[in-house]
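Every number here is computed from the coordinates shown, using simple stated rules; none is lab data. On a predicted model such as this, the values are computed, not experimentally measured, just so you know. A quick note on method: Cβ atoms are made from the backbone with ideal geometry, for glycine too, and the neighbour counts reach across all protein chains shown.
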Amino acid sequence: MSISERPLAGARSGEDLRSQHTHVAQSASKRAVGIHIDGLRKRYGSGDTAVDALKHVDMTVAPGEVVGLIGPSGSGKSTLLKCLGAVIEPSAGRMTLGGETIYDEGWKIRDLRALRRDRIGFVFQAPYLIPFLDVLDNVALLPMLAGRPNAEARQRALELLEALDVAHRSRAMPSQLSGGEQQRVAIARALVSRPPVILADEPTAPLDSERALGVIRILNRMAREFDTAIIVVTHDEKIIPTFRRIYHIRDGRTHEEAGEGRSIE
Amino acid sequence: MISLAGRDILHGWGKFVFTGLGLGLLIGVTLTMAGVYRGMVDDAKVLLDNSGADLWVVQQDTLGPYAESSSVHDDVWRSIAAMEGVARTANITYLTMQVRLTGPGARDVRAMVVGVTPDGPGHPGQPVHLVAGRHLTRSHYEAVADVATGFALGDTIRVRRNEYTVVGLARRMVSSGGDPMVFIPLKDAQEAQFLKDNDAIVRQRARTAQNPALNRPGVPGLLDAVIASQSTNPYVNAVLVQLAPGYTPERVAEPIRRWQRLTVYTRAQMEEILIAKLIATSARQIAMFLVILAIVSAAIVAFIIYTLTLGKIREIAVLKLIGTRNRTIAAMILQQALGLGLIGFVVGKIAATFWAPAFPKYVLLETGDTVRALVAVVVICVLASVLAIRAALRVDPAEAIGG
């Protein structure tokens, strides 16, 4: 179901909401698990020079949940993100995204590009918006590239921008936006193909406290509304207390712990 | 489908337009170089067309009168005129020299002086396309000049020691080298070719008189006859022949070669001599320039597109990470290269059209050359974008994630 078929927060009738709840229930059954990683390993090189960047990673993120992933530099955060993003191939283990096993001692999906396009959304430390496209087309680009009609893709993008309160800047160029607005547009871009998983790499690093919490608030709302499992890699002390669950990664191993889950609504 | 290349060009239009302007001037120079060559070929054809001849009769075993010097006795035309298939004949001389405009504004003009019998229009060798004045009617001291000389009706010009009044102006009467023509009466032209200064004539007479073989007692008048023959020129460079209706050039040429012991060229042979021999070196020179300009253009396009692509590496990494196909990214770079090339082509075509008339020699911008240049620009842009496309396709999507 496309976003244009599915109303967003702030613009719904009662019937729409009932419809959405029905959809979420159906979707949840399909996506029993947003992200599930079991014994993931990643080794760079071979022989004496081999480096185990990931030694044993277990992780589960439910649909609609936002979890934090924290750890010191060199702990394996980026490697884990690259494995989850289907950018590099793990060396061993099992990885399931949106209920579908994509890696089990080898890629199960041959077209990784399509996997990234359809099932994984990315939010980066810097927004990395395409500087020569306006806000609307930055968000609409992905469905356009997937072959959706331009009008439909733009309509879907506009609805997301409205949900993220940046629709009034839809015709602005990225360079005309503030840092917070750019990051919201980047989130909209990550959500536009309605992926079951979003990987956010230090999304609040360049923002002040208020804007950083605003971004986390949006990610939480979007996770609930779109039934998306979100992993936020961060060092940002401002936002760490907002997570209900946190994965610590150290020396290539993950350890789960409960977070403070501080309210930010 | 959204055009990433188009959006990028619109976003940074100033950069593209100014780069395209620079490239366009280079393409304009390339088009002009091709036009210079076409102009040379056209000048050669115009020279033949304007001569009004079907056959050129020249000294035996020479490529005259345009590619080599040729000397034919000036009474040969009579016997040629009597041959079957010949409608009209005319003696002609060609001499490239500095012609001086006398009086106020005196200056030298490089011109081809053509000696013709004042027979009027329609006869071989006569100036055609008169734009002002009249044809030569007198046997001495009148001239018809091409407008490219800058002469005006009534101007007085000096050829060697004689002065001529310009009585007519012609257009597109040029030599194969592009020099404008000045037509003067044949007798004057023959004299001008071999006329010596007075001191030289005096010394020549003295030498002849001291030669006992030419100054023998008992043979009165011998010395005077010899001296008289030394100061006249009974030669022309060629005899131009017009054919009678119903005769082919080769049918008429063959008897002239056989019975007159002279070399005869048809129009096709003369064109071959002018284009394949006379301007061949210049053509190769221009071809070298064209090749170098094409390589320079390709290098510039490649450098610009490569630099523009390197400036977008992060965006390309993001595009690849979010699932953009390689061919979409390659198409974006290719379209930008083609866009740049097309901007350059349009600028170059406009520039060449505007500056071509300002060139001293005829520059002929042919539509065929323009189409070929467009195809070359497209090919060059495609080749030039290969480097940038390779760089873009090598970008690792992981670069967008960092770490």
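Some points to look at:
- P(r) tail fraction, the range B:155-295 - alpha-carbon pairs more than 20 Å apart, %: 72 percent
- Ranked A:ILE216, A:ILE70, B:ILE313, A:ILE264, criterion: other C-beta atoms within 10 Å, fewest first: A:ILE264, B:ILE313, A:ILE70, A:ILE216
- Hz values of 3J(HN,Hα) by residue in the range A:252-262 - Karplus curve (6.51, -1.76, 1.60), Gly and Pro given as x: x, 10, 9, 9, 8, 8, 6, x, 6, x, 4
- Using θ = phi - 60° and Karplus 6.51 cos²θ - 1.76 cosθ + 1.60, couplings along the range A:146-162 (whole Hz; Gly, Pro as x): 7, x, 6, x, 4, 4, 5, 5, 5, 4, 5, 5, 5, 5, 5, 5, 5
- Local electrostatic count at B:PRO255 - Lys and Arg +1, Asp and Glu -1, tallied over other residues with Cβ under 13 Å: +1
- Shielding by partners - mean other protein chain Cβ count within 10 Å, residues of A:124-132: 6
- Shown for the range A:149-237 is the translational diffusion coefficient from the Stokes-Einstein equation, using the Kirkwood radius over Cα pairs, a temperature of 4 °C and a viscosity of 1.567 mPa s: 96 µm²/s.
- Those aspartates and glutamates that a straight Cα-Cα span of less than 18 Å connects to B:LYS320, excepting residues fewer than 8 apart in one chain: A:GLU89, A:ASP111, A:ASP118, A:ASP137, A:ASP201, B:ASP8, B:ASP396, B:GLU399
- Total charge dipole magnitude, the protein assembly as shown, about the Cα centre, Cβ charges on Lys, Arg, Asp, Glu only, Debye to nearest 20: 280 debye
- Relative contact order for chain A: 26 percent, from Cα pairs under 8 Å spaced at least 6 residues apart, divided by residue count.
- Helix B:280-310 axis, angle to chain B major axis (alpha carbon atoms, nearest 10°): 10 degrees
- Legend: residue pairs A:LYS82/A:LYS108; B:LYS45/B:LYS187; A:LYS77/A:LYS238; A:LYS42/B:LYS312; B:LYS45/B:LYS361, Cα-Cα distance threshold 22 Å; pairs beyond threshold, B:LYS45/B:LYS187; A:LYS42/B:LYS312.
- Cut-off 15 Å between beta-carbons: net charge of the residues surrounding A:SER73, Lys and Arg +1, Asp and Glu -1: -2
- Taking Cβ atoms as reference points and 14 Å as the exclusive limit, the residues near B:ALA244 contribute a net charge of 0, counting Lys and Arg as +1 and Asp and Glu as -1.
- Mean ellipticity per residue at 222 nm, deg cm²/dmol - from DSSP H runs of n ≥ 4 across the protein assembly as shown, formula -39500 (n - 2.57): -14000 deg cm²/dmol
- Distant alpha-carbon pairs in the range A:78-172 (separation over 17 angstrom), percent: 59 percent
- Translational diffusion coefficient (Stokes-Einstein; Kirkwood radius from C-alpha pairs) of the range B:1-135 at 25 °C, 0.890 mPa s, in µm²/s: 122 µm²/s
- Temperature 10 °C, viscosity 1.306 mPa s: under these conditions the Stokes-Einstein estimate for the range B:245-403, based on its Kirkwood radius over C-alpha pairs, is 79 µm² per second.
- Comparing B:VAL377, B:PRO397, B:THR263 along the charge dipole axis of chain B, the residue lying farthest to the positive side is B:PRO397, per the Cβ-charge model.
- Trypsin sites (Lys or Arg not before Pro) within the range A:103-193: DSSP coil, no more than 14 neighbouring Cβ in 10 Å: A:LYS108, A:ARG110, A:ARG171
- Selected from B:GLU250, B:GLU315, B:GLU68 as most flexible by GNM, with chain B as the system and alpha-carbon contacts under 10 Å: B:GLU315
- Per residue, the convex hull around the alpha carbon atoms of the range B:355-400 comes to 112 Å³.
- All Cα-Cα separations within the range B:115-212 were binned at 5 Å from zero, giving a P(r) of 2, 14, 21, 21, 16, 7, 6, 6, 4, 2, 1, 0, each value a whole percent of the pairs.
- Centre separation in Å (Cα based) which lies between the range A:68-89 and the range B:319-395: 43 Å
- Here B:ASP54, B:ASP369, B:ASP199 are placed in order of increasing Cβ neighbour count within 10 Å, fewest first, which gives B:ASP199, B:ASP369, B:ASP54.
- The protein assembly as shown, Cα convex hull volume normalised per residue, Å³: 286 Å³
- Exposure proxy ranking for B:TRP355, B:TRP259, based on other Cβ atoms within 10 angstrom of each Cβ and starting from the fewest, stands as B:TRP259, B:TRP355.
- Degrees, to the nearest 10: A:14-30 long Cα axis against longest axis of chain A: 20 degrees
- Global geometry of chain B, whether rounded, prolate or oblate, following the gyration tensor of its Cα atoms and the 1.5 cut on a/c: prolate
- Shielding of A:69-81 by partner chains, average beta-carbon count, 10 Å: 1
- Calculated P(r) tail over 20 Å for the range B:220-281, as whole % of Cα pairs: 53 percent
- Candidates per GluC sites (Glu not before Pro) in the range A:79-160, loop by DSSP, up to 15 other Cβ within 10 Å: A:GLU105
- Inverse of mean 1/r across different Cα pairs in the range A:3-258, Kirkwood, Å: 18.7 Å
- Computed from backbone phi with θ = phi - 60° and the Karplus coefficients 6.51, -1.76 and 1.60, the 3J(HN,Hα) list for the range B:108-120 is 9, 10, 6, 8, 9, 8, 10, x, 10, 6, x, 9, x Hz; x is used for glycine and proline.
- Here the relative contact order of chain B, from alpha carbon pairs under 8 Å that lie six or more residues apart, stands at 28 percent.
- Euclidean distance of C-alpha centroids, the range B:178-223 and the range B:238-268, integer Å: 32 Å
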